[in-house]
Amino acid sequence: MRKQFAVIGLGRFGSSVCKELYKLGHDVLAIDNNEEKVNNMTQFSTHSVIANGTDENALHSLGIRNFDFVIVAIGDNIQSSILCTLILKEMGVKNVWVKAQNYYHHRVLEKIGADRIVHPEQDMGIRIAQHLVSEKIIDYIELSDEYSIVELIASEKVAGKSLAQLDIRAKYGCTILAIKRNKDINISPFPQDLIDKNDILIVIGHKNDLKRFEEEGL
Ligand code: ATP
Ligand code: ATP
Ligand code: CA
């Protein structure tokens, strides 16, 4: 389903969000108060406009209230980020996601009703550290403090064996949600499905179990 997004602030983070949403086929309104930033985004957005994210009238005339999601990616100017978020929530925007600069900024955003607060630098740091320590982990989604979904590369050790033979759920408490092989993806595999070397396994489980599976099972 095509959704309507607006991104306010087109720094490295905001412009990446904008481009990716647009690439995924959604409507994206790109906003920045810097003309050059706006011009750089014209071919990667549905509309791009020069506007100040703290100008209530400007946001109103852009019809910002009707967007499904507004992403506030104003970086270093914490005051503007807070004011912009406040205006958006007061206008009744349903989903406001905001990039936080630090813990204090995060707490204020929480208080004024930001629906989701993100820390891309920290999150990316964690992700990259995960990649650094294990060449088997390709990607990583934290579901809670205890549970995650990881993408793992199948090694020689499991090649040619079925999920039932490896008895993964019973032995490691992890469940394989999908198996990716080149361009193909096998969603909810059967116990008798075979794993090939270099298949990408998408696995859900408790962090300790996933670690055990990665270290001992693969
Ligand atoms: P990066 O994602 O590159 O690390 P940042 O988040 O640190 O960037 P900043 O340069 O601080 O980036 O701000 C992001 C963008 O927000 C900039 O392009 C800036 O022009 C824009 N911006 C700052 N204040 C406003 C505002 N009041 N209204 C609209 N855009 C703004
Ligand atoms: P269970 O009650 O654990 O599902 P079962 O006796 O019904 O086991 P099967 O469903 O045939 O047996 O699967 C045999 C074993 O294969 C399971 O116990 C589990 O360890 C493993 N297995 C099957 N599917 C998966 C999966 N998607 N992810 C991880 N392990 C699996
Ligand atoms: Ca920055």
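The values are calculated or read from the model by the stated rules, or taken from the named source; none is laboratory data. For clarity, every value in this text was computed on a predicted model and none was experimentally measured. Note that each Cβ is placed from the backbone with ideal geometry, even for glycine, and that neighbours are counted across all protein chains shown. The area values use the complete protein model at the heavy-atom level, side chains included, leaving out ligands, DNA and RNA. Shrake-Rupley method; radii C 1.70, N 1.55, O 1.52, S 1.80 Å.
May I ask you to list the residues in segment 192-218 that are of a type in the set (Asp, Glu) and not in a helix (DSSP H, G or I)? Answer for segment 192-218, where residues must be of a type in the set (Asp, Glu) and not in a helix (DSSP H, G or I): Asp193, Asp196, Asp199. Among the residues of segment 53-86, those identified as surrounded by fewer than 16 Cβ atoms within 10 Å (Cβ to Cβ) and away from ligand 3 (no atom under 16 Å from the Cβ) are Asp55, Asn57, His60, Ser61, Gly63, Arg65, Asn66, Asp68. Of all residues in segment 191-207, count the ones that are under 17 Å from Ile138 (Cβ atoms) and open to solvent by 60 Å² or more (accessible area, probe 1.4 Å). Total satisfying the criteria: 3.
For segment 125-140, state whether one or more residues are within 16 Å of ligand 3 (Cβ to nearest atom), open to solvent by 50 Å² or more (accessible area, probe 1.4 Å) and within 30 Å of Thr85 (Cβ to Cβ). Can you show your working first?
At the first step, the residues of segment 125-140 found to be within 16 Å of ligand 3 (Cβ to nearest atom) are 125.
If we keep only those that are open to solvent by 50 Å² or more (accessible area, probe 1.4 Å) too, we end up with none.
For segment 125-140, residues within 16 Å of ligand 3 (Cβ to nearest atom), open to solvent by 50 Å² or more (accessible area, probe 1.4 Å) and within 30 Å of Thr85 (Cβ to Cβ): absent.
Residue check: Ile179 meets all listed conditions (1) within 30 Å of Ile74 (Cα to Cα); (2) open to solvent by less than 50 Å² (accessible area, probe 1.4 Å) but one, namely (1).
If only one of Ile153, Ile179, Ile117, Ile137 is in contact with an Asp or Glu (Cβ under 8 Å, 6 or more places away or on another chain), of a type outside the set (Phe, Trp, Tyr) and within 16 Å of ligand 1 (Cβ to nearest atom), which one is it? Going through Ile153, Ile179, Ile117, Ile137 in turn, just one is in contact with an Asp or Glu (Cβ under 8 Å, 6 or more places away or on another chain), of a type outside the set (Phe, Trp, Tyr) and within 16 Å of ligand 1 (Cβ to nearest atom): Ile117.
Can you find a residue in segment 105-112 that is more than 16 Å from ligand 3 (Cβ to nearest atom) and modelled with pLDDT under 95?
Kept after step one, since they are more than 16 Å from ligand 3 (Cβ to nearest atom), are these residues of segment 105-112: 107-112.
Okay, now just the ones that are also modelled with pLDDT under 95, so none.
No - not one qualifying residue is present in segment 105-112.
Hey, can you tell me all the residues within segment 64-112 that are closer than 18 Å to Gln4 by Cβ and of a type in the set (Lys, Arg)? Result: Arg65, Lys89, Lys94. Scan segment 176-191 and report the pairs whose first residue is assigned to a loop (DSSP other than H, G, I, E, B) and whose second residue is more than 16 Å from ligand 3 (Cβ to nearest atom) and open to solvent by less than 50 Å² (accessible area, probe 1.4 Å), with Cβ atoms within less than 8 Å and a gap of 6+ or a chain change. Partner pairs satisfying both residue conditions: Ser188/Ala178; Pro189/Leu163; Pro189/Ile176; Pro189/Ala178; Pro189/Ile179; Phe190/Leu163; Pro191/Ser162; Pro191/Leu163. Might you check whether a residue that is away from ligand 2 (no atom under 16 Å from the Cβ) and hydrophobic (A, V, I, L, M, F, W, C) occurs anywhere in segment 203-210? Taking every residue of segment 203-210 in turn, none turns out to be away from ligand 2 (no atom under 16 Å from the Cβ) and hydrophobic (A, V, I, L, M, F, W, C).
Among the residues of segment 156-172, those that are in contact with a strand residue (DSSP E or B) (Cβ under 9 Å, 6 or more places away or on another chain), open to solvent by less than 100 Å² (accessible area, probe 1.4 Å) and not in a loop (DSSP other than H, G, I, E, B) comprise Val158, Ser162, Leu163, Ile168, Tyr172.
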